[in-house]
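No lab work stands behind these numbers, since they all come straight from the coordinates. Predicted model only: the values in this text are computed from it and were never measured. FYI the Cβ positions are ideal-geometry reconstructions off the backbone, even for glycines, and counts take in every protein chain you see.
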Amino acid sequence: MTIGVGDKIPSSTVTVMGSDGPTPKTTDEIFSGKKVVMFAVPGAFTPTCSAKHLPGFVEAAGEIKAKGVDTIACLSVNDPFVMGAWGKDQNTGDKVLMLADGSAAFTQALDTVLDLTERGLGVRSRRYSMIVDDGVVSQINLEEGGGFEVSDASTILKQL
């Protein structure tokens, strides 16, 4: 069943691109004892993700963090090198933590898989955003199909 409000974030490991290369991070490290806004995209460098979704969170990062959010994280089923390059391309700096879920293990644990195999893109993540308080989901905004209607930064700002 897809992760929902009141559910605990499952234990998993994702990867971030650090100054010394790919660095594993556990979900406990990311979510425990913190208020986190996480959003997921079907793919780095894809049109909607690069033109609207990620830039919206980069632009609103100050407002979001001013509402008590410790971390804003972007998740995609891509490798850490791609996520690191995309973060640089989008000037995320320290505003958005770029999380690589290269094998889709975390995405599968959340049950947010988007299978685009028939389109040659493999297994990806559905587009969504959520607010997580100390490892427990307090808000989730799942998109249907390829939509970009409810998972944007302005929706999260209203929910905080």
Please state the relative contact order of the stretch 8-160 as a whole percent: Cα pairs under 8 Å, 6+ residues apart?
30 percent
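Sort 44-50, 21-27 for me by packing, meaning the mean count of neighbouring Cβ atoms within 10 Å per residue, highest on top. Show your work: numbers first, answer last.
Working: 44-50: 16.7, 21-27: 14.3.
Highest mean packing first, the order is 44-50, 21-27.
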Restricting to the stretch 10-160, compute how many DSSP beta bridges are antiparallel as a %, nearest 5.
70 percent
Over all Cα pairs of the chain, how is the pair count split among 10 Å bins, expressed in % and running from 0 up to the last occupied bin?
11, 46, 38, 5, 0
The simple spin-label model distance between THR117 and SER50, using points 7 Å out along Cα→Cβ, in nm, is 2.7 nm
Specify the residue with the greatest mean-square fluctuation among ALA51, ALA104, ALA40, computed from a Gaussian network of the chain linking alpha-carbon atoms under 10 Å apart.
ALA51
